[in-house]
């Protein structure tokens, strides 16, 4: 193998989120000049960006209500609370996940009951049914992990059969659909993230959607509205708040006006952004499936994803070889994450690493993740970049042939 320092490196940074739209920058500067960054206040004459974003997001996904939160993980936490989760309750959740999801369950004082995944990286419905009956759980926190969407008709039917309240974690599926319906709209609650590297970028932020007026009022109060909930435009009536306003604690998890004004122009571009991501995904999929030992799995035709990342299996290598291959590719600018590492690294961790949970065993999930790799897809990715990525990956694999 040639020295990577002498080889061509990928010409772009796969972790680069790209610039914000100029309209978002201009809006943010105008707002900062006023100093009125808090979404609630006694001042007038300032555009209520957070309230407007909530209304626009609700219209976008087709929900009755949307609530701006300060992070995706906090949106999940509040989603669990309004779904009725109390301290000590079991909550069903995908075993293949990222740390903020079990963290939100732990934050709610609940117990995570981990469910196996299938070969398409989605929750295993048979294992879900078995563990729902065994655990007595009343809530399923379903993560559309890395943008992979399970058959939502089957999930909805299973939840009805088992008496489960469905809370959807849509951090990786903003703008994505199962059939003609947006993710986040199958459950009682949908939770989205606007952290950098997600589909719209405010550095940190989250949005919760629901059609239930009591859940919406509770979410607004939990998020930290004080008695200023009347400043929301996507909100239930005063009578609903009157039921809950003295019973719901203020967790100070609300979204700021500054975050919201950065997001609104990006939300208006979501359709176009989704098309660009998917064009890049298809190009990468074709290139990677042409490499001996690399496999991008087929996806269900009803899954209308918005692919800001790509997952693939690396076959024919042992664990030490996978580590070496991943590291060599990363050294050449093709930053690959591997879900089989024995220690958490960067954003990536496995259920075995979350030692604050009760010990659990998911042999099927472990077996699948032992060969699963992950790579970000920046919006700036070109066809030439896809060719170069595939070339670098194939070159580095030759070392092990």
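The values are calculated or read from the model by the stated rules, or taken from the named source; none is laboratory data. Only a predicted model underlies this, so the values are computations on that prediction, with no experimental measurement involved. All Cβ positions, even for glycine, are placed from backbone atoms using ideal geometry, and neighbour counts span all protein chains on display.
Within the option set 240, 259, being under 22 Å from residue 47 (Cα atoms), modelled with pLDDT of 95 or more and not in a strand (DSSP E or B) holds for one residue only, 259. When 98, 166, 114 are checked against the criterion of being within 30 Å of residue 273 (Cα to Cα) and assigned to a strand (DSSP E or B), a single residue qualifies: 166. Going by what's in this entry, would residue 360 be described as under 24 Å from the mean Cα position of the chain (by Cα), free of Cβ contacts under 8 Å to residues at least 24 places away in the same chain and closer than 30 Å to residue 88 by Cβ? Here the answer is no, as residue 360 does not meet what is asked.
As for the stretch 207-224, it holds no residue that is surrounded by fewer than 24 Cβ atoms within 10 Å (Cβ to Cβ) and without any contact (Cβ under 8 Å) to a residue 24 or more places away in the chain. Scanning the stretch 225-243 for residues that are in contact (Cβ under 8 Å) with a residue 40 or more places away in the chain, closer than 22 Å to residue 59 by Cβ and more than 23 Å from the chain's Cα centre (by Cα) returns 225, 231, 232, 233, 235, 236.
Restricting attention to the stretch 22-54, the residues that are surrounded by fewer than 16 Cβ atoms within 10 Å (Cβ to Cβ), at pLDDT 90 or above and part of a loop (DSSP other than H, G, I, E, B) total 2.
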